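In what follows, a single structure is set out as structure tokens and then discussed.
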Amino acid sequence: RDVAIDRSGASKPRIALGVIVLVTGAFSLSKAWTDGSSDALPTVGIGALLLVVGTIITGPLTATPAVRAIGSPLPRLRGVTGKLATENAARSPKRTSATASALVIGVALVGFITVFAASAKRSVTAEVERGFTGDFVIQSSASGFGPPSGFPGAVADAAAAVEGVEVVVPLGFGRGEFTYPDGDKATQFLTSVAPERLVEVLEPRMAEGEVADLTDTGIIVDTELAEAHDVTIGDRIGVTVPGGGSLDLEVQAISDDENLLGYFTITRDTYATVVPELLDVQVYGKVTDGASADDVITSVEDAEAATPSLEVLDRDAFIGSLASQITSFVTFIYGLLLLSIIIALIGIANTLSLSINERTRELGLLRAVGMHRSQMRSAVRWEAVLISLLGTMIGLGLGLLLSWGLIEALASQGLTRFAVPVGSLVVITIAAALLGTLASILPARRAARLAILDAIATE
């Protein structure tokens with residue numbers, strides 16, 4: 001060797017700092033399981049960040065045993081080249097860890113988003129399947145993020161006039177400024193319903209009272225907001241609607257189903273008194289017993305054809321549309337995260353190129369004692385694969401842990417299912433190995449083309 005192996009990654013100060021950061025991060029993240037409310041989210045977020053930082057700090061301590069464990073099958077599969085690839089990646093733990101760290105962060109984010117999206121889909125699907133007892137939904141077909149588009153009440157009237165439709169329940173949606181009994185104010189979304197009909201198509205969970213208890217002088221408050229502001233049944237909440245009027249309403253029930261009722265719910269008649277125009281964002285419907293749901297839904301579509309940008313979805317399609325909205329958002333995030341993966345792969349390629357320059361004499365001696373060019377290329381490629389797998393596995397482990405913590409912290413917001421998409425994670429692992437191989441092509445070619453006599457010459 002022409003250069004010494006850097007062992008500074010195993011220094012006592014690094015070990016002490018890494019352990020402190022990891023322990024602090026683990027304690028903060030544990031609030032997701034011990035606190036039980038979304039108030040723990042900031043602490044959980046700090047814990048997640050500290051765990052990532054601590055993993056990077058302690059990376060050189062774990063790189064050597066981790067690489068040897070991952071590469072243990074290589075000597076049996078690839079012989080001497082597999083053995084050399086494993087030892088080359090393991091003998092410089094600080095360099096290997098630094099190379100893999102960018103991939104750790106990128107894959108951790110990808111794994112986190114993948115698991116979080118799968119959990120969100122399962123949670124939303126389970127909640128809607130449980131709480132929605134209707135047969136079809138009318139809603140705006142406009143795509144994009146943010147609040148849904150509203151449409152006039154004539155849409156619900158047209159659906160109610162269709163033969164075979166038993167129940168039609170319109171749902172309004174808007175924003176308002178709310179004044180709690182303790183004086184705090186907040187701007188939040190407001191749902192308006194007809195409570196006597198809502199219970200025929202929705203079964204929201206309630207913490208106290210029932211939806212049917214809601215009258216024109218009352219309001220339903222989500223349980224988490226009620227707990228945060230010490231709101232109880234009988235308290236009064238002020239509501240001011242932008243561009244409209246103000247209301248002073250009595251808390252008549254406390255809900256525990258944000259997915260179906262939102263944060264605040266009032267009656268449609270009350271909402272109509274304070275807004276310039278009453279608009280609906282969804283219309284739930286139920287088909288008469290004995291009627292063909294498909295035929296009735298087709299008739300509803302015909303009745304709504306005059307109103308643009310509307311879609312009529314049966315029960316399964318409605319649940320699928322909720323999942324597809326999550327998929328669309330995640331696809332957008334994936335596009336941003338792809339940049340971090342590309343940067344990580346460039347880092348692997350650069351590090352390998354620099355390490356080949358450092359190992360010029362060593363590689364020349366290997367060629368001098370009989371290593372073929374193809375074996376040299378194979379050894380460098382496998383070294384890149386091992387580094388890629390190291391970063392991927394650590395990143396996926398972090399992503400799983402962090403997403404689990406966030407799902408637990410958001411349980412009060414309706415995310416009650418933790419789902420691990422094994423197939424997607426396997427694809428991520430294989431893709432990382434393949435991309436690591438791709439990143440090694442030029443360094444491997446350079447190593448194989450070294451002039452033997454120039455490489456081993458000394459002055």
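The values are calculated or read from the model by the stated rules, or taken from the named source; none is laboratory data. Nothing here was measured: the structure is a model prediction, and the numbers come from that model. Cβ placement follows ideal geometry from the backbone for every residue including glycine, while neighbour counts extend to all protein chains displayed. Each accessible area value is taken on the protein alone, full model and side chains, heavy atoms only, with ligands, DNA and RNA left out. Shrake-Rupley method; radii C 1.70, N 1.55, O 1.52, S 1.80 Å.
Quick notes on this one:
- Judged by the mean number of other Cβ atoms found within 10 Å, the most tightly packed of the peptides 225-236, 382-393 leads the ranking 382-393, 225-236.
- Protection proxy ranking of 83-90, 163-170, by the mean of other Cβ atoms within 10 Å over each peptide's residues and highest first, is 83-90, 163-170.
- Cα-derived Rg over Rh, computed across segment 68-220 with Rh taken as Kirkwood radius: 1.28
- Compared with the dominant Cα axis of the chain, that is its longest principal axis, helix 315-358 is turned about 20°.
- Tilt relative to the chain, helix 373-409 - C-alpha long axis, 0 to 90 degrees, to 10: 30 degrees
- Intensity falloff of segment 405-459 expressed as log10 I(q)/I(0), Debye formula with alpha-carbon point scatterers, at q = 0.16, 0.21 Å⁻¹: -0.72, -0.86
- Taking 0.36 nm per residue of separation and subtracting the current Cα-Cα distance, fully stretching the chain between GLU358 and ILE46 would add 108.4 nm.
- Segment 35-118 - Rg (one decimal) and Dmax (whole number), Cα, Å: 17.0, 55
- Two-decimal log10 I(q)/I(0) for the chain, as the Debye equation yields it once each C-alpha is a single scatterer, q = 0.09, 0.10, 0.12, 0.13 Å⁻¹: -0.74, -0.83, -1.00, -1.11
- Projected label points at SER149 and THR187, each 7 Å from Cα along the beta carbon direction, are separated by 2.3 nanometres.
- Highest-first arrangement of 107-115, 49-57, where packing means the average Cβ count within 10 Å: 107-115, 49-57
- Solution diffusion estimate, µm²/s, Stokes-Einstein, segment 252-326, Kirkwood Rh from C-alpha pairs, 10 °C, viscosity 1.306 mPa s: 103 µm²/s
- Once both labels are positioned 7 Å from their Cα atoms along Cα-to-Cβ, the gap between ALA291 and ILE15 label points is 7.5 nm.
- Virtual paramagnetic centre 7 Å along Cα→Cβ of ASP454, amide N under 18 Å, in segment 325-358: 353-358
- Rg over Rh, two decimals, segment 157-257 (C-alpha only, Kirkwood Rh): 1.01
- Cα-projected label distance for ARG197 with ILE430, points at 7 Å along beta-carbon direction, nm: 5.1 nm
- For segment 357-442, accessible area per residue (1.4 Å probe, heavy atoms of protein chains only), Å²: 43 Å²
- Degrees separating the helix 93-131 axis from the principal Cα axis of the chain, which is the longest one: 20 degrees
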